[in-house]
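Working notes, beginning with the structure itself.
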Amino acid sequence: MENTNLTPEELTKYQKHYSESDFWIKIRTLAKKAGAKLTYYALVLYYTLTDPKTPTKYKAIIAGALGYMILPLDIVPDFLPFAGLADDWAALVAAVAYVATAITPDIKTRAREKVEEWFGPLADTQLGDLL
């Protein structure tokens, strides 16, 4: 897993920007541009957030990371090629690292199925190290 400098406190301050409807709008429009790996991580976090067994403290971190991803104007605007998604990626990776113990095999399977619905069959290497 890649290392980031984002703390749970930094992530949670963006949770007010999260909504389920905005998440689905953003992920559907961003998926092809962002690629399968970023989409997979975002969906893993979404399914972890919606899992009733996920602890509340983890839900705040996840909502913050997804809220940050939803923001149209974050540190590096998403419309910039490559660099525009780097900060979103950092937020997702940091959140996954903090909440890893709540991510179940079922959640990973659900996320993978949704990503493959949009991208077609994928090799494990295309989804990163969160398998």
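Counting only helices (runs of 4 or more DSSP H) that sit wholly inside the stretch 1-67, those with at least 3 residues that are modelled with pLDDT of 90 or more and surrounded by fewer than 19 Cβ atoms within 10 Å (Cβ to Cβ) are 20-34. Restricting to the stretch 80-131, name every residue that is among the hydrophobic types (A, V, I, L, M, F, W, C), modelled with pLDDT of 95 or more and outside any helix (DSSP H, G or I). Answer for the stretch 80-131, where residues must be among the hydrophobic types (A, V, I, L, M, F, W, C), modelled with pLDDT of 95 or more and outside any helix (DSSP H, G or I): just Ile103. Of all residues in the stretch 9-49, those satisfying the criterion of being in contact (Cβ under 8 Å) with a residue 12 or more places away in the chain and hydroxyl-bearing (Ser, Thr, Tyr) are Thr12, Tyr14, Tyr18, Ser19, Thr39, Tyr40, Tyr41, Tyr46, Tyr47, Thr48. Restricting the stretch 90-114 to residues that are of a type in the set (Gly, Ala, Ser) and touching a Leu at 6+ places or on another chain (Cβ under 7 Å), which is farthest from Ile61 (Cα to Cα)? Out of the qualifying residues, it is Ala111. When residues in the stretch 36-59 are screened for being over 12 Å from the mean Cα position of the chain (by Cα) and not polar (S, T, N, Q), 7 of them pass.
The values are calculated or read from the model by the stated rules, or taken from the named source; none is laboratory data. Quick caveat: nothing in here was measured; it's all calculated off a predicted structure. Counting neighbours? That spans all protein chains shown, and the Cβs are built from the backbone with ideal geometry, glycine included.
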